[in-house]
1. Of the numbered conditions (1) modelled with pLDDT of 90 or more; (2) in contact with a strand residue (DSSP E or B) (Cβ under 9 Å, 6 or more places away or on another chain); (3) loosely packed, with under 14 Cβ neighbours inside 10 Å, I155 fails exactly one; give the number of that condition.
2. What number of residues in the range 158-194 are loosely packed, with under 15 Cβ neighbours inside 10 Å, more than 24 Å from the chain's Cα centre (by Cα) and not basic (K, R)?
3. Can you name the strands (runs of 3 or more DSSP E) wholly within the range 164-251 that have at least 2 residues being closer than 19 Å to Y139 by Cα?
4. Which condition breaks for D258 when tested against (1) in contact with a strand residue (DSSP E or B) (Cβ under 7 Å, 6 or more places away or on another chain); (2) part of a helix (DSSP H, G or I); (3) within 14 Å of I185 (Cα to Cα)?
5. Going by the conditions given, is K69 loosely packed, with under 15 Cβ neighbours inside 10 Å, of a type in the set (D, E, K, R) and assigned by TED's automatic domain parsing to the domain that holds K23?
Amino acid sequence: MIVNEEFLNKLRRAFGLNLYEVKLWAALLSRGVSTAGELSDIADVPRSRTYDVLESLERKGFIIVKPEKPIKYLAIPPSEVLDRVRKRLTETTDERLKRLGDLKESDVLKELGQLYKQGIEPLQPTDFSGALKGRHNLYDHMAYLIKEAQNQVCIMTSEEGLIRKVRALKPLLEKAKGKGVKIRIAAPITEKTKESIDKLDGIAEVKSIKDMDARFAIVDGKHVLFMLMDDKDVHPTYDLGMWVHSPYFATAMQEMFDTSWKTKANGK
């Protein structure tokens, strides 16, 4: 059996298998029925690990054990495996979501909140900062700040950044607006961003910036989340930002934002 590494990696990501599991599964698919020894040789998996890996595949519903001597393993059609994996994933996800939902209303969350409060109170202002790597982490933290916003959210972003933020954060911005939070967004207004801007109608005030290349958010005049790299030049996985809870720094950033809002946004 010759299966290239790229194909094996696709199977690993799609089905949530480890390397030995995916090698033995692919080997069994190529044979239909086989013994553990044969599969070990074909897949180049150590014999000392083959039996426990095949047992794992059986538990996950990928293969069937034939009670013969020697024991043989039967491959299940990939389409059936896919249906099984999807079903189990749905069941697992639903169960976890239910547990998390129950946790939100339980005393456990209150106790966790008290632990957090006790830990936060003795901290110094300089402790409220951190680096965030990966665009998903940046957006998760921005979402958190928007959810906690009480007065104002100001965002300066790029053309692509505006499109991403509308796609990822619009429901949260809408809720913030409903709480009375003032939302202003400075970003390039182009044909490409027109649809995204239309979706913000009634939620945020948007003005165009042309000569300023920056990505940051200021929340309530005390939180600043700013990105350190140009999103045109960095892969989302390696996007990098800093979060700072500092009214002093936030005030300076707010003044820069307001100046740009009054001048560049008006084309002066």
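The values are calculated or read from the model by the stated rules, or taken from the named source; none is laboratory data. What you see is a predicted model, and the numbers here were worked out from it, not measured in a lab. All Cβ positions, glycine included, derive from the backbone under ideal geometry; neighbour counts span all protein chains shown.
1. (3)
2. Residues meeting the conditions: 4.
3. Working: elements: 182-186, 205-207, 216-219, 223-227, 240-245.
Here the list reads 182-186, 216-219, 223-227, 240-245.
4. Of (1) in contact with a strand residue (DSSP E or B) (Cβ under 7 Å, 6 or more places away or on another chain); (2) part of a helix (DSSP H, G or I); (3) within 14 Å of I185 (Cα to Cα), only one is false for D258: (1).
5. Values: loosely packed, with under 15 Cβ neighbours inside 10 Å: yes; of a type in the set (D, E, K, R): yes; assigned by TED's automatic domain parsing to the domain that holds K23: yes.
Considered against the rule, which asks whether it is loosely packed, with under 15 Cβ neighbours inside 10 Å, of a type in the set (D, E, K, R) and assigned by TED's automatic domain parsing to the domain that holds K23, K69 comes out as yes.
A quick yes/no check of all residues on (1) assigned to a loop (DSSP other than H, G, I, E, B); (2) closer than 25 Å to K87 by Cα; (3) at pLDDT 90 or above:
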{"site": "V3", "(1), (2), (3)": "yes, no, no"}
{"site": "V22", "(1), (2), (3)": "no, yes, yes"}
{"site": "W25", "(1), (2), (3)": "no, yes, yes"}
{"site": "E38", "(1), (2), (3)": "no, no, yes"}
{"site": "V45", "(1), (2), (3)": "yes, no, yes"}
{"site": "L54", "(1), (2), (3)": "no, yes, yes"}
{"site": "E58", "(1), (2), (3)": "no, yes, yes"}
{"site": "P70", "(1), (2), (3)": "yes, no, no"}
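This table checks each residue for (1) within 14 Å of R184 (Cβ to Cβ); (2) hydrophobic (A, V, I, L, M, F, W, C); (3) in the same structural domain as L173 (by TED's automatic domain parsing).
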| residue | (1), (2), (3) |
| --- | --- |
| I209 | yes, yes, yes |
| V219 | yes, yes, yes |
| K222 | no, no, yes |
| V234 | no, yes, yes |
| D239 | no, no, yes |
| F249 | no, yes, yes |
| A252 | no, yes, yes |
